[in-house]
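The structure under discussion appears below in the form of structure tokens.
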Amino acid sequence: RIIITTNYDLLVENAFEAVLNTPNEVCTIKQIHNPAQYHSIVARNEIKYVKLHGCISNKRDYKLAFSTDDFQKVNKFYKAVLDDLR
């Protein structure tokens, strides 16, 4: 129960927002931005939503990763997320 994205964030967010508080709402997304959040437990009606390259709508807290230096800074987060996919 996880969505991992590098692009198309708004597509995912808009889809969940469109059914919010309607009979079609089955679950909600919980944004994950760091290893501690990634390893946290989510409720039955939540899906972890990982934005690997940061968040354009919240650049202050979740900086965008573009350069090699940026990716090195978030390497611990990448490792936590991508190790689970092995």
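Of the residues contained in region 3-15, one or more are found to be open to solvent by 40 Å² or more (accessible area, probe 1.4 Å), at pLDDT 90 or above and among the aliphatic types (A, V, I, L, M). Checking the stated criteria, LYS59 turns out not to satisfy the condition of being touching a His at 6+ places or on another chain (Cβ under 9 Å) and charged (D, E, K, R).
A single member of ARG60, ARG44 is charged (D, E, K, R), open to solvent by 50 Å² or more (accessible area, probe 1.4 Å), out of contact with any helix residue (DSSP H, G or I) (no Cβ under 7 Å at 6 or more places or on another chain) and modelled with pLDDT under 80, and it is ARG60.
Only helices (runs of 4 or more DSSP H) whose full extent lies in region 31-86 are considered here, and the ones with at least 1 residues that are within 14 Å of the chain's Cα centre (by Cα) are 35-38, 75-83. Close contacts from region 13-38, counting a first residue that is more than 22 Å from ALA80 (Cβ to Cβ) and a second that is in a loop (DSSP other than H, G, I, E, B) and acidic (Asp, Glu), with Cβ to Cβ under 8 Å and a gap of 6+ residues or different chains, come to VAL19/GLU25. Would you call GLN31 closer than 25 Å to ASN75 by Cβ and open to solvent by 60 Å² or more (accessible area, probe 1.4 Å)? Spelling it out, GLN31 is indeed closer than 25 Å to ASN75 by Cβ and open to solvent by 60 Å² or more (accessible area, probe 1.4 Å).
The values are calculated or read from the model by the stated rules, or taken from the named source; none is laboratory data. Keep in mind that what you see is a predicted model, and the values were worked out from it rather than measured. Neighbour counts run over all protein chains shown; Cβ positions are idealised from the backbone, glycine included. For the accessible areas, the whole protein counts, side chains as well, though only heavy atoms, and no ligand, DNA or RNA atoms are used. Shrake-Rupley method; radii C 1.70, N 1.55, O 1.52, S 1.80 Å.
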